[in-house]
1. Which numbered condition trips up Arg311, out of (1) basic (Lys, Arg); (2) free of Cβ contacts under 8 Å to residues at least 60 places away in the same chain; (3) closer than 20 Å to Ser92 by Cβ?
2. Six or more apart or on different chains, Cβ under 9 Å: which pairs go from a residue in the range 47-70 that's farther than 24 Å from Asn236 by Cβ to one that's among the basic types (Lys, Arg) and not in a loop (DSSP other than H, G, I, E, B)? Could you list them?
3. Looking for whichever is more than 28 Å from Val367 (Cα to Cα) and not assigned by TED's automatic domain parsing to the domain that holds Phe63 here; the options are Ser143, Ser155. Which one fits?
4. Limited to the range 43-53, what total is found for residues that are part of a helix (DSSP H, G or I) and over 19 Å from Thr86 (Cβ atoms)?
5. Does the range 125-133 contain at least one residue that is out of contact with any Asp or Glu (no Cβ under 7 Å at 6 or more places or on another chain) and hydroxyl-bearing (Ser, Thr, Tyr)?
6. Residues being within 15 Å of Ser303 (Cβ to Cβ) and of a type in the set (Ser, Thr, Tyr): count how many of those fall in the range 105-144.
7. Could you list, in sequence order, all residues of the range 254-310 that are outside any loop (DSSP other than H, G, I, E, B), over 19 Å from the mean Cα position of the chain (by Cα) and of a type in the set (Gly, Ala, Ser)?
Amino acid sequence: MDYAKLLRLLSNSIDTSGKSGRHIVRFLQPDHYNECLSQLLKYRRIYPALRSIRSSSLLQALFCSLRYPDSTFFEELGLLVESDSTISVHSSASSSKERATDIPWGVKRIGAPEVWSVSTGYRIRIGVIDTGADYSHPDLRYSLGRGIHLLNRASLPHDDNGHGTHIAGTIAAAGGAQGMIGVAPRSLIYPVKAFDHNGSAFVSDIILGIDWCVRSRMNIINMSFGMKSTSQALKNVVRKANEAGIVIVASSGNDKKQRTADYPAKYAQTISVGATNRDGKIASFSNSGPYIDIYAPGEKITSSWLGGGHREMSGTSMATSHVSGAIALLLAARPNLTPGEIKRRLRRTARPLSTSQARARSRPGEVSAVRLLRGKIERRGQG
């Protein structure tokens, strides 16, 4: 490959203002990517525009804004160019301020308190790719690792939206009597801030977040966001994270659709989550159908919020955090389970939905921490 020619073309095509849209340039040959990255460091001195390029070793890709992406030229060099799409958190269907509750109804619903004598998720590492987290929140004082701020690498991933803090609270809050307790209170959340204050991100930021989670050896990635169209780059990096042994939990979306789910939940390598209400029925806003692997409480969920407070929110985002917490409980007790084994176990041990909604035995049910860890609980009881 003529790296000098490629880097010269990139330099001439890069729009540092970002107004031309962002692009993902993927290499089909790993050695080509590695050599290009090496050359890029040298050519940055000659072509300052190249300094704006970001890279993902997991995907073997470059991210930049191109004025005129010449797909033919790139293809001749064994490269693929894809538009860098925007993606949004699965925002709540309702939202209201709430006072703290010791154990929220969703945590009780899935039976988490009943398994805490066996597992609290101790030391399970969960990358939450979201809007960040409130590091000063009393509920999360012992629950947060450093994480990463992908929009400003010099800063901690502080939450300026609230969504990520809410997700972190449901998974791992340990506020005790003065706050709330999440599903896996001794697991560790590593906030990966890829989303801005509006809850919006680029696919490239998600890819960089997944790349960081793999390098940082997360056990679980929580992805409470989605988009309607697929991205080959995102699909590839999700597959690679799955192959690295990371369990990926993704929200299916709040569109009331019965035969689809948003991406990345629709990818086979994720655990796709729908939402239920207090009655154990599929929530009115939740997507449902064959692309859903498991359901979990997602309606009127109280959790941690910015400024040390709490807020009630609804959405498949909230359901996803319950499932990530339940998997953390399982992994702390059974650390050698693979992502595929965990997905099958989740489906097999799920609590059936109401009769009217469970028309077929193959339809997924609602997550149950008690059923998920049944063998461990029974052995503890016998001891």
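1. Unmet condition: (2).
2. Tyr47/Arg8
3. Values: Ser143 fails: more than 28 Å from Val367 (Cα to Cα).
Ser155 is the lone residue from the list that is more than 28 Å from Val367 (Cα to Cα) and not assigned by TED's automatic domain parsing to the domain that holds Phe63.
4. Taking the range 43-53 and keeping what is part of a helix (DSSP H, G or I), we get 43, 48-52.
In the following step, the residues that additionally are over 19 Å from Thr86 (Cβ atoms) were identified as 43, 48-51.
Adding up the residues that qualify gives 5.
5. For the range 125-133, residues out of contact with any Asp or Glu (no Cβ under 7 Å at 6 or more places or on another chain) and hydroxyl-bearing (Ser, Thr, Tyr): absent.
6. Residues flagged as within 15 Å of Ser303 (Cβ to Cβ) and of a type in the set (Ser, Thr, Tyr) within the range 105-144 amount to 2.
7. Gly307, Gly308
Conditions (1) under 17 Å from Gly78 (Cβ atoms); (2) assigned to a helix (DSSP H, G or I); (3) of a type in the set (A, V, I, L, M), marked per residue:
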| residue | (1), (2), (3) |
| --- | --- |
| Ser17 | no, no, no |
| Gly21 | no, no, no |
| Tyr33 | yes, yes, no |
| Cys36 | yes, yes, no |
| Leu41 | no, yes, yes |
| Ser55 | yes, no, no |
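The values are calculated or read from the model by the stated rules, or taken from the named source; none is laboratory data. In this text, all values refer to a predicted model and were calculated from it rather than measured experimentally. Every residue, glycine as well, gets a Cβ built from its backbone with ideal geometry; the counts of neighbours run over all protein chains shown.
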